Structures are given as C-alpha cells and as structure tokens.
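Shown next, in structure tokens, is the structure this report addresses.
The values are calculated or read from the model by the stated rules, or taken from the named source; none is laboratory data. The shown structure was predicted, so the numbers you read here are calculated from the model rather than taken from an experiment. So basically every Cβ, Gly included, is an ideal-geometry build from the backbone, and we count neighbours across all protein chains shown. Heavy atoms of the whole protein, side chains included, go into the accessibility calculation; ligands, DNA and RNA do not. Shrake-Rupley method; radii C 1.70, N 1.55, O 1.52, S 1.80 Å.
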Amino acid sequence: MRRSIATVCVSGTLDDKLTAAAAAGFDGIELFENDLVVSPWSPRQIRTRCAELGLSIDLYQPFRDFEAVPDTLLRANLDRAERKFDVMADLGVDTMLVCSSVSPASADDDELAAAQLSMLADRAAARGMRIAYEALAWGRHVSTWDHSWRIVQRADHPALGLCLDSFHVLSRSTELDDIAKITPGKIFFLQLADAPHLRMDVLQWSRHHRLFPGQGAFDLPEFVRLVLAAGYDGPLSLEVFNDVFRQSDPARTAVDAMRSLIALEGRLPAAPDLTGHAFTEFAVDGHSGPQLRAALRGLGFTHTGQHRTKPVELWEQNSCRIVLNSAVTSPGAAAINAFAVASADPQRSLQRAEALLAPAHPNVREPGEAELAAITAPDGTSIFVTGPDVGWRADFLSTGVTPATGTGLLVTDHLGLAQPFDHFDEAGLFYHSVLDLEHLATEEYAAPFGLMRSRAVANPDRTVRLALTVALLRRGEWAPAVADPQHVAFRTDDIVATAAALSVARLPVPENYYADLTARFALPEDFVAVLRRHGILYDRDPEGGELLHLYTPVLGGRVFFEIVERRGGYDRFGEANAPVRMAAQRHRRLSG
C-alpha cells in the first residue's frame, strides 16, 4: 500500500517537512493547513515542489466546525469551503478532511448534519473532489466513528465518506468489529497514530502524546485489519501530534515514522531467535581505562585476550564478556560504544534490519579477521550481530593469563542505556522492530534530579534484555546527575556469595533505605542484616518474584556495573531502587 505522512508530524518549515518525507521514502503527504498558511510558496509552487520530490498530496486538512449549524452560519461555511476548494485545485489534491464540529453553535441533530454535509459534498463533487468526515474524539455531538458513519449513511452521497483516525477510534470505548462492515469504498482516508494509555483529557492526550505505530499501547494491527476488511485501498497515513517530534530533526523523525509503517505492515524477514549477549564493548581512554580494568579485576574478570591488530582487550568470566577499546579519537568519559547479540541466523537478522531502514555497516578489519557487521542504534551505539558460536574470539590472541576463580558472575543479564531526550520513543520502536524485542513495561519514577522514564525490552526467553531510560523533561542548566549513564548488569545465582568474593568498591546504601525496606516488605531482620552488610538492594513484584542487586560506583565519568540475582521469576529491573542508586552516586561524587 502507499504510505503517507501528515506534515504536522515533523518539525521545520514546509520545505524541511517535504524534503524529510521524500528522503524517508514516503509516497505522499497530508498537507496541514497551518503549514500552508505560513509557507512563502503559493499552492501551485507547493504542488510543483511535491512533484519534484515524488510526493503526492493525498489530503488537505482540517476543515472545522461545518455541520449542523444555523442557516446564516451554513452560508458562511459554504463560502469558506469554496475558497478551500480553490486552494485544493491549485494544490492538485481531491480530498478534504472535515472534522466533526466542536462549535457551540452546532446542534445535536443527525438529520441536519447529514443534509448539510450532503450540500458540501455536492459542491466538492462539482470540482471533482471528495469530503472525508472524521469524528473527533472530543466532538461536541459526534465523537465516535460509528456515529459519524450513521451520518454519512444518512447523507448517502457518493462524494461523502469517512476518515478513520486510529487515535479518535481507539481512545474511545466503542465496538470495533463493525468497522469491517462499512460499505466498501466509503472509507475515504485512514490516519494512523499510536499512544500510551493515559488518564487525561482526550484533547490534550491527542495534541501532545500521540506516537508512531508500535511506540504506544494501541492495537493498531487489528485496527488496520478491520479497515482493510472493509475494502479500504488508500494510503496508510500517519497523523501524529507529539511535542518532542515537532522539535526534533525532521529527517530522523521521518525515518522513524517510515520504520513504524514498515513494521506495522509486517512484510519482513522473520526475526531469528537471539540467544544472548555476546559481548559489551567500552570505549576507554588513558584516564577511564585503568579504572575499568581495576573494576573488572575486582569483579573477578580475567584479561584473556588481546586483539591481533587493534588496542582492544577481551575480559571474561564464564559467559560474561567485556571488550575495552582504547582506539578512541577524542578522550572523554568511558562509554558503551557497542554491544553484540548472538543470533540463530545473523544474515537474516541483518536483512530484517535493512528492511527497517537500519542497514548494516561492515567493521574495519584486517585479512583473516572476523567479519562483524553492525547496525547503528538511535543513540549511536553499534550493535554487532554474531552467530551462536564465538568465532569472533579468534581475533584475540591469548594473554596466557590463567583465568581467575571468578566471583560467580554467569552471564550478562541486561544493559542499561540512557537515551537522548529527542529519541527515546524512536529507540523503543527500533529495538522492538529491528531486534524483535518485546516491550515489557514502561515505568516512571521520581529521581533526585527530576522525573525519569524507563522502558524495558527483551526477547521471549530473556537472554537479551535492555533497559532504556530518559529524563521525562528536558534537563535544565542545573543537572548534576551523571550525563547519560550506562551500565552492564551481570547475573549470579548467589549474590551474597558473590558480594563476599568481590574486591571492588560497591555503592554505599543509606541505613534509611534498610529501615524502610523492613517496613515495606516485612522482611526478617537477619535477612535485612545480610543485605545491609553487602550493600544489596531488594525489590519484590506482586507475584512474589524477588530481585537482589548491588552496584559499583560510577567509573570513568559515566559507566558502572550491577550484579543481580533474580528469584521466583522476577522479570523487572528494580526501578523502585533507581533513585536510591542515583542519590548514592551523587553523594559518592561529592565526597570525592
């Protein structure tokens, strides 16, 4: 199907928006009237520019507060419409979106609304145009799709049909199955938007919190299935009002939008199973490198390999693998600059990524070295996709060092990755669609320096887990938190034994925390005493699953390590303890 995007979805001037839409591969646009009004181009020039970019103009919108009004207002509305039809003729667009009225002057009279919409459709038909009537979820008298359909049926005009907007439909508790029974050809236009479930005024919800498909909580695949079952054959078009998208780079936003439609359509190479984290790579310099090496030794890791041709070290403990890359071009804080996941079929994983506009780029390598293709995540992190074996390990020469006894760390449990403010939702869709990681939960919590949002994604058997975080509001000038913190969490089967074996500093936990912990969970005093002794944090889910975890201090200015023990099927990330960790890291820095 053709793919279209409303100009309101992206930031910038009209030319910025059109250029971004074309570059992302869209076939057409919905032209939002505000973008026309502020443009220096005439409608004919806009038409020419769209043609140069290979874009059709599929819809002109919105036309507001038309139907079920007194005769004097009707005449003014019809005159207003004629002027818009003139503009549409110059633009070369044949469909106008008419929203259900919110005007106090409108009457709760379906027969009158149908009659007046029929008059409008007569005038549109005389110009070779059509009217797509849409029920706004906050419409004064018409606020549901089925009500708008009854009015269109009553009018019975060939130039009058429906515009179905997924937000307006799914934000209201209405029966959806009957969408498939709409007369074929009477759905003139389809607009798609996702959204999180929020308890708030529906108008504010719509104007500020829409998302691209796959980024929210709506069941858009089922909604689209029902619309297509009704015979709809027009474009799949995005109409998303979002405060962050409308101030972000329009080119990136348009690619994110296109990725959402490609994923929604579902015609992709099947995602192979991911079998685990293969390694995590840190970029380090002369300052942060020694800190991370010391911390890894204290965690029980062994420096087992040195890359044949690059200043890159391999550190291992059981199936936990850390790579330290000293080939940094500009010194700065340590950072997770790459990680690798093991795939049952790496080639198919890369084909899926390319289909979702995330093409792989080959690694720089010498003859005989492993070819590791990487895709780039929204935050710039490289994601290598390896096979289920560890053939890449042959690129590392053995150091000859006898592996240490270790501290009981078994595998990488998850990565914690702070995301750029403008690209948090993009990252969630990226990992969900490209790597086929399912959304587990989105949490919000009050941290010492403002509200935070966390989104967890994982594969079905939980061998690959990521925790994405972002500040809920853009940071102000005073933001003493660690800038974009990142961490690796390792799993153990016995965190108390592991903690006793560690020779690395761990984050101190205040006594107040343990006093509160005892009260909240009614834990035995001797158990809390063990937690206190080792600086272990605790969480319990409603099903009785438990998480025991501890942290190192921040290393190299930005990164730290976590050790976790999961009990009883605990499937979260201890978000309730994040403020404790953040405050402790702050106190640690202040104390030097």
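Report yes if Gly276 is small (Gly, Ala, Ser), without any contact (Cβ under 8 Å) to a residue 40 or more places away in the chain and more than 27 Å from Val93 (Cα to Cα), otherwise no.
Against the criterion (small (Gly, Ala, Ser), without any contact (Cβ under 8 Å) to a residue 40 or more places away in the chain and more than 27 Å from Val93 (Cα to Cα)), Gly276 does not qualify.
Can you name the residue in segment 294-311 that is touching an Asp or Glu at 6+ places or on another chain (Cβ under 8 Å) and open to solvent by less than 50 Å² (accessible area, probe 1.4 Å) and, of all such residues, is farthest from Phe396 (Cα to Cα)?
So the residue we want is Phe301.
Check whether at least one residue in segment 353-373 is within 20 Å of Pro485 (Cα to Cα) and part of a loop (DSSP other than H, G, I, E, B), and report yes or no.
Checked segment 353-373: no residue is within 20 Å of Pro485 (Cα to Cα) and part of a loop (DSSP other than H, G, I, E, B).
In this structure, is Val227 at pLDDT 95 or above, among the hydrophobic types (A, V, I, L, M, F, W, C), closer than 20 Å to Cys99 by Cα and over 20 Å from the mean Cα position of the chain (by Cα)?
It is true that Val227 is at pLDDT 95 or above, among the hydrophobic types (A, V, I, L, M, F, W, C), closer than 20 Å to Cys99 by Cα and over 20 Å from the mean Cα position of the chain (by Cα).
Residues that are open to solvent by 50 Å² or more (accessible area, probe 1.4 Å) and over 20 Å from Ala81 (Cα atoms): find the helices (runs of 4 or more DSSP H) completely inside segment 1-61 holding 2 or more of those.
14-23, 43-53
Can you spot a residue in segment 235-246 that is assigned to a helix (DSSP H, G or I) and either more than 20 Å from the chain's Cα centre (by Cα) or surrounded by fewer than 17 Cβ atoms within 10 Å (Cβ to Cβ) (or both)?
Yes, that holds for at least one residue.
Can you confirm whether Asp422 is at pLDDT below 95 and within 23 Å of the chain's Cα centre (by Cα)?
yes
Quick test for you: out of Asp526, Asp493, Asp484, pick the one residue that is under 30 Å from His439 (Cβ atoms) and modelled with pLDDT of 95 or more.
Asp493
Identify all residues within segment 212-234 that are open to solvent by 40 Å² or more (accessible area, probe 1.4 Å), in contact with a helix residue (DSSP H, G or I) (Cβ under 8 Å, 6 or more places away or on another chain) and aliphatic (A, V, I, L, M); write none if there are none.
Of everything in segment 212-234, just one residue is open to solvent by 40 Å² or more (accessible area, probe 1.4 Å), in contact with a helix residue (DSSP H, G or I) (Cβ under 8 Å, 6 or more places away or on another chain) and aliphatic (A, V, I, L, M), namely Ala229.
Looking at segment 446-457, which of the residues that are free of Cβ contacts under 8 Å to residues at least 60 places away in the same chain and open to solvent by less than 50 Å² (accessible area, probe 1.4 Å) is farthest from Leu429 (Cα to Cα)?
So, considering only residues that are free of Cβ contacts under 8 Å to residues at least 60 places away in the same chain and open to solvent by less than 50 Å² (accessible area, probe 1.4 Å), the one farthest from Leu429 (Cα to Cα) is Gly450.
Name the residue, out of Gly128, Gly139, that is in contact with a strand residue (DSSP E or B) (Cβ under 8 Å, 6 or more places away or on another chain) and more than 17 Å from Leu236 (Cβ to Cβ).
From the options Gly128, Gly139, the qualifying one is Gly139.
Name the single residue, out of those in segment 162-205 being of a type in the set (Ser, Thr, Tyr) and at pLDDT 95 or above, that is least open to solvent (accessible area, probe 1.4 Å).
Checked segment 162-205; the qualifying residue least open to solvent (accessible area, probe 1.4 Å) is Ser166.
Conditions first: (1) of a type outside the set (Gly, Ala, Ser); (2) closer than 23 Å to Val169 by Cα; (3) touching a strand residue (DSSP E or B) at 6+ places or on another chain (Cβ under 6 Å); (4) crowded, with 24+ Cβ neighbours inside 10 Å. Leu120 passes all but one, so which condition is the exception?
(2)
Of the residues Glu477, Glu511, only one is more than 30 Å from Ala217 (Cβ to Cβ), modelled with pLDDT under 95 and not polar (S, T, N, Q); which?
Glu477
Could you please give the count of residues in segment 452-474 that are in a loop (DSSP other than H, G, I, E, B) and either modelled with pLDDT of 95 or more or out of contact with any Phe, Trp or Tyr (no Cβ under 9 Å at 6 or more places or on another chain) (or both)?
Of the residues in segment 452-474, 7 are in a loop (DSSP other than H, G, I, E, B) and either modelled with pLDDT of 95 or more or out of contact with any Phe, Trp or Tyr (no Cβ under 9 Å at 6 or more places or on another chain) (or both).
Hey, among Ala251, Ala257, Ala271, which residue is touching a Ser or Thr at 6+ places or on another chain (Cβ under 9 Å) and outside any loop (DSSP other than H, G, I, E, B)?
Testing whether each residue is touching a Ser or Thr at 6+ places or on another chain (Cβ under 9 Å) and outside any loop (DSSP other than H, G, I, E, B) leaves just Ala251.
Output the number of residues of segment 416-431 satisfying the condition of being among the small types (Gly, Ala, Ser) and assigned to a helix (DSSP H, G or I).
Number satisfying all stated conditions: 2.
I'd like the residue in segment 383-410 that is closer than 30 Å to Asp249 by Cα and free of Cβ contacts under 8 Å to residues at least 60 places away in the same chain and, out of all such residues, is surrounded by the most Cβ atoms within 10 Å (Cβ to Cβ).
Taking the candidates together, the pick is Val385.
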